[in-house]
1. Please specify each residue of region 55-66 satisfying the condition of being at pLDDT below 95 and either assigned to a strand (DSSP E or B) or among the aliphatic types (A, V, I, L, M) (or both).
2. I'd like the residue in region 4-31 that is out of contact with any Asp or Glu (no Cβ under 7 Å at 6 or more places or on another chain) and aliphatic (A, V, I, L, M) and, out of all such residues, is surrounded by the fewest Cβ atoms within 10 Å (Cβ to Cβ).
3. For a quick check of your reading of the model, give me the residue pairs whose first member lies in region 93-114 and is modelled with pLDDT under 95, whose second is basic (Lys, Arg), with beta-carbon atoms closer than 7 Å and at least 6 apart or on different chains.
4. Output yes when any residue across region 103-111 is within 26 Å of LYS4 (Cα to Cα), surrounded by 14 or more Cβ atoms within 10 Å (Cβ to Cβ) and not assigned by TED's automatic domain parsing to the domain that holds SER89, and no when none is.
5. Scanning region 146-164 for residues that are in contact with a Ser or Thr (Cβ under 8 Å, 6 or more places away or on another chain) and not in a loop (DSSP other than H, G, I, E, B), which turns out farthest from THR176 (Cα to Cα)?
6. Could you please give the count of residues in region 76-95 that are in contact with a Cys (Cβ under 7 Å, 6 or more places away or on another chain) and small (Gly, Ala, Ser)?
7. Among the candidates ASP100, ASP91, which residue alone is surrounded by 18 or more Cβ atoms within 10 Å (Cβ to Cβ), of a type outside the set (S, T, N, Q) and assigned to a loop (DSSP other than H, G, I, E, B)?
8. Residue under question is SER165, and the condition is that it be touching an Asp or Glu at 6+ places or on another chain (Cβ under 6 Å), of a type outside the set (Lys, Arg) and either modelled with pLDDT of 95 or more or at negative phi (or both); does it hold?
Amino acid sequence: MFVKKWINRAYPTFNKKDTVGKVLEECETYEVAVVVAHDDEGKLAGMTRASKLMNEDPGKPIKELLEEPAYYCYAEDYIEDAILLLIESHDFVIPVVSHDMKLKGVLTVFDILEALMEFTAMDQKGSRISLLLDDKPGVLKKVVDVLAEKEINILSIVTSPEGESKKRVIIRTDETNLKEIVEVLQSNNISFETVTEEEGFCA
């Protein structure tokens, strides 16, 4: 999944010639904490925090207060790479630019969460299967094959390490018959922790 799908173009950005007073007024209106600025050509010019502008002369151009952005991503980057950049930056916003540094918009923490929600199918109605599996080749494949054989459609699979020899696996499916899933797993000697209903919250 690419960043371009999740670019936030509604987030207010500023011309580096804008004054501190104007920027602070808009930051208050839109509840913006991070200021992202561009030049007259639309290229990324820098960033700062609204809190750092509070004690400055309202008539001063923000270009004198901008910091060169250490982190930004391209619209063609994978969303996973953007997530890593956002974590590394310890910030709430990361600019999205074209390869000639034209500012396309931003990614905020909330945009990232929305992307992760789609990644994991948390918004879809169905079921959630939690398993603790041996961290060995083929173990997860057995589970997937069993579900596929019964035509249970998998929406997402998320894994995480659990100790040195196990991995926790969360499988989301669009099957709403929990009893059927339990019977399928038990009949194939697949141990599981829980099988629960997912309400989803699609519009």
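The values are calculated or read from the model by the stated rules, or taken from the named source; none is laboratory data. All figures in this text were calculated on a predicted structure; none of them were measured in a lab. Cβ placement follows ideal geometry from the backbone for every residue including glycine, while neighbour counts extend to all protein chains displayed.
1. none
2. Only one residue tops the list, namely ALA10.
3. From residues that are modelled with pLDDT under 95, there are no pairs.
4. no
5. Step one: list which residues in region 146-164 are in contact with a Ser or Thr (Cβ under 8 Å, 6 or more places away or on another chain), which gives 147, 152-156, 158.
Subsequent filtering for residues that are not in a loop (DSSP other than H, G, I, E, B) retains 147, 154-156, 158.
Values: LEU147: 13, ILE154: 12, LEU155: 12, SER156: 15, VAL158: 19 Å.
Among them, the one singled out is VAL158.
6. Of the residues in that region, 1 qualify.
7. On the way: ASP100 fails: surrounded by 18 or more Cβ atoms within 10 Å (Cβ to Cβ).
Checking each option against the conditions leaves just ASP91.
8. On the way: touching an Asp or Glu at 6+ places or on another chain (Cβ under 6 Å): yes; of a type outside the set (Lys, Arg): yes; either modelled with pLDDT of 95 or more or at negative phi (or both): yes.
Answer is yes for this residue.
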